[in-house]
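Presented below is the structure to which this report refers.
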Amino acid sequence: MIDTLIEFAPLLWRGLLVTIQVTLLGIALTVVVAFVAGLSGLSKYWFIRWPSYVFVEFFRGSGLIVQMFWLFFALPLFGINLPPLVAGVLALGLNMGAYGSEIVRGTIASRPKGQTEASIALGLSRTQRLWRILIPQSIPAMLPPFGNVMIDLLKNTSLVSLVTVADLTWAADTIRTNTGQTVEAFLAILVLYYLLSLLLGRLVDFLERAFALERKAHGVSRNRTLWGVLTK
C-alpha cells in the first residue's frame, strides 16, 4: 500500500490541488448566489421575490449530479460548451447557493422588529437599514449553518470527477484502475477529505469568534441596541 501511494503521490497531489481549487471557487460562488437569492427573497416586490423562490426550489429540488450533467453534457446540444471545471463549479455554486439563500433570508428576517422600527424612526432608507443594521447583525448567526453548507460543498466536489475534472476522486479511481488496489486508493482520499473538512471547520470556528458581536467589546450584550451599532 505504501509503495503504491508513494508511486502515485504526484497524481494525488495534483488531485488535491484541483479539489481545493474547486472548493474555493465553489464557496465564493455560493456566497454570492446565497446573498443575491436570499436578499431577493426579502424584497417587497413580487417580481423580484418570485424568481428567487423558483430558483431556490428548483436547485434544491433537483439533484446536484443531474444539474452538473445538464451543464456539461446537455448544454452543448444548445451550442453552449462549458469547460469541465467551470461546469462543476457552477453546479456546486448554484446548488449550494440555493441552500445558503434560505440561511440568509431566514436569519435576516428573524432580526428583532425593534431594530427595524428604530431605524425607520431615525430616517434610514430600506437599503441603509439592510446594509448598516440587519446584515452586520446577522452575519454571526449565519456562520454556523454556512459552515455546514461549506463542508457539504467540499464533500460534493467529489462529483466533479464525473464531468472529467481530475480531482481527488478521479485520482483515486485512476489508481484503482491501474493497480486494482481499491481499498488503499479510496482510504487515502478518505483521509484527505477528512483533513480538508477538519481544516474548513476550524476556519469557520475562527470566523465565528472573529465576527461574534457579543465578544467584540467587554460589557456589550448579545442583542446590542441600534444606537450602539450606529455609533460604533
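So for the range 28-39 (the condition being modelled with pLDDT of 95 or more and of a type in the set (Ser, Thr, Tyr)), does at least one residue qualify? The answer is yes; a qualifying residue exists. Residue count for the range 40-55, restricted to those that are of a type in the set (A, V, I, L, M, F, W, C) and modelled with pLDDT under 95: 4. In the range 1-19, the residues that are over 13 Å from Ser161 (Cα atoms) and at pLDDT 90 or above form Cβ pairs under 7 Å with partners that are open to solvent by 30 Å² or more (accessible area, probe 1.4 Å) and hydroxyl-bearing (Ser, Thr, Tyr), at six or more places apart or across chains, as follows: Leu11/Thr174. Helices (runs of 4 or more DSSP H) fully within the range 153-232 that include at least 3 residues being modelled with pLDDT of 85 or more and out of contact with any Pro (no Cβ under 6 Å at 6 or more places or on another chain): 168-179, 182-211. Residue-level check: of (1) farther than 27 Å from Val18 by Cβ; (2) out of contact with any Leu (no Cβ under 8 Å at 6 or more places or on another chain), Pro140 misses just (2). Within the range 54-68, the residues that satisfy the criterion of being among the hydrophobic types (A, V, I, L, M, F, W, C) and either out of contact with any Gly (no Cβ under 9 Å at 6 or more places or on another chain) or closer than 13 Å to Ser101 by Cα (or both) are Val54, Phe55, Val56, Phe58, Phe59, Leu64, Ile65, Val66.
Is it the case, given these coordinates, that Arg105 is surrounded by fewer than 16 Cβ atoms within 10 Å (Cβ to Cβ), in a helix (DSSP H, G or I) and in contact (Cβ under 8 Å) with a residue 24 or more places away in the chain? Spelling it out, it is not the case that Arg105 is surrounded by fewer than 16 Cβ atoms within 10 Å (Cβ to Cβ), in a helix (DSSP H, G or I) and in contact (Cβ under 8 Å) with a residue 24 or more places away in the chain.
The values are calculated or read from the model by the stated rules, or taken from the named source; none is laboratory data. What you see is a predicted model; the values in this text were computed from it and never measured. Backbone-built Cβ (ideal geometry, glycine too); neighbour counts: all protein chains shown. Accessible surface areas use protein heavy atoms only, side chains included; no ligands, DNA or RNA. Shrake-Rupley method; radii C 1.70, N 1.55, O 1.52, S 1.80 Å.
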